[in-house]
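Derivation of every value follows stated rules applied to the coordinates shown; laboratory data play no part. Treat the numbers as computed from the prediction; the structure is a model and nothing was measured. Because the Cβ atoms are built from the backbone with ideal geometry, glycine has one as well, and the counts that use them run over all protein chains shown.
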Amino acid sequence: MPNDSPMREVTFEGLLPVLHKSKLIKIVMTKDSFLDARLDLKQMNINGTTLFRGLDGLGKNLHDVLNALEDYQRS
């Protein structure tokens with residue numbers, strides 16, 4: 001990251017104070033963490049279908065499921 005960039009790396013423990021000061025936060029995850037988070041969301045029934053009603057949500061969910069299958073097959 002450039003020195004003049006307003007972005008900075010923060011540990012999980014240091015996240016709460018940053019949340020109070022920042023308007024936008026980008027979270028970068030490892031591939032394994034991302035797949036674990038997706039699985040957790042799926043177990044809580046949080047997916048494209050439940051977030052976006054109708055055909056749009058169904059399409060988003062189907063896209064996510066197919067991408068997850070490809071990711072697991074590559075692993």
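Some notes on this structure:
- Only one of 36, 64, 56, 71 that is farther than 30 Å from residue 15 by Cα and surrounded by 11 or more Cβ atoms within 10 Å (Cβ to Cβ): 56
- Taking each residue of the range 43-72 that is assigned to a loop (DSSP other than H, G, I, E, B) and looking for partners that are not hydroxyl-bearing (Ser, Thr, Tyr) with beta-carbon atoms closer than 7 Å, six or more apart or interchain, yields 47/41; 47/61; 47/64; 52/60.
- Candidate set: the range 20-32, residues that are part of a helix (DSSP H, G or I) and exposed (fewer than 10 other Cβ atoms within 10 Å of the Cβ); chosen: the one nearest to the chain's Cα centre (by Cα): 32
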